[in-house]
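Working notes, beginning with the structure itself.
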Amino acid sequence: TDLIHWERIDNNFRIPQSAIDFCTEIYEPMGSHMNTGVWAPDIFYAEEDTEHPYWLYYSLSTNGTNYDYIRSAIGLVKGESPTGPWEDCGIVISSTNGYNTNAIDSNIYVDTNGDRYFVWGSFQKGVHQVKLTEDGRAADVDYTSNATIHDTSKKVGTRLFATPGGIMGPEGAYMVNNEEA
């Protein structure tokens, strides 16, 4: 309550079975296996969602051997509080070698018009953004099946920043409005 004294809590988040199934279906045929942990979670408060206003985006990746290995996915769960319980909303976006992005390090950005954008990416392929749908998913991704999610993720989003070669750029992008500009 005073931002000085903290209490450790369990957020009760566990990797949803749908995310494990996604990685098994999409990445194992490529010879990859999902890591057992999550990377770079980001939580967004969606005030209008009266049942589950806490939207937790999390990154999953597979075991890789070099910097061009970008078999990753970002999933979404929604909760009634920052500690859950969590409702699984599935994978939002995914990536692999040859894709325009690396699906890690998500952030939700709200522009001055109130439009929400999904910002993500890494030093492999740069930082990208795409407009969010009302339910917190990436516009232009087909959520019909795991295969269509993966296939339509290939070219989703606009690159915001990368080094000239498209690698070794920024990671962990976080956008906010500059109220003074």
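The values are calculated or read from the model by the stated rules, or taken from the named source; none is laboratory data. No experiment lies behind these values; they were computed from the predicted model shown. Here Cβ is always computed from backbone atoms with ideal geometry, including for glycine, and neighbour counts include all displayed protein chains. Quick note on the areas: whole protein, heavy atoms, side chains included, nothing else; ligands and nucleic acids left out. Shrake-Rupley method; radii C 1.70, N 1.55, O 1.52, S 1.80 Å.
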Filtering region 1-58 down to residues that are of a type in the set (Ser, Thr, Tyr) and either surrounded by fewer than 13 Cβ atoms within 10 Å (Cβ to Cβ) or under 16 Å from the mean Cα position of the chain (by Cα) (or both) yields 1, 18, 36, 45, 50, 54, 57, 58
When both residues are 6+ apart or on different chains and their Cβ atoms are under 6 Å apart, which pairs have a first residue that lies in region 21-36 and is touching a residue at least 24 places away in the same chain (Cβ under 8 Å) and under 17 Å from residue 99 (Cβ atoms), and a second that is in a loop (DSSP other than H, G, I, E, B) and open to solvent by less than 50 Å² (accessible area, probe 1.4 Å)?
27/71; 32/71
Counting only residues that are among the β-branched types (Val, Ile, Thr) and modelled with pLDDT of 80 or more, which one in region 33-48 is farthest from residue 74 (Cα to Cα)?
43
Do we find that residue 77 is in contact with a Cys (Cβ under 7 Å, 6 or more places away or on another chain) and either open to solvent by 20 Å² or more (accessible area, probe 1.4 Å) or not hydroxyl-bearing (Ser, Thr, Tyr) (or both) in this structure?
yes
The lone exception for residue 141 - which of (1) free of Cβ contacts under 8 Å to residues at least 40 places away in the same chain; (2) in contact with a helix residue (DSSP H, G or I) (Cβ under 7 Å, 6 or more places away or on another chain) it fails
(1)
Return only the number of the condition from (1) loosely packed, with under 15 Cβ neighbours inside 10 Å; (2) in contact with a helix residue (DSSP H, G or I) (Cβ under 8 Å, 6 or more places away or on another chain) that residue 112 does not satisfy.
(2)
Consider residue 142 carefully, then state whether it is assigned to a loop (DSSP other than H, G, I, E, B), crowded, with 23+ Cβ neighbours inside 10 Å and modelled with pLDDT of 90 or more.
no
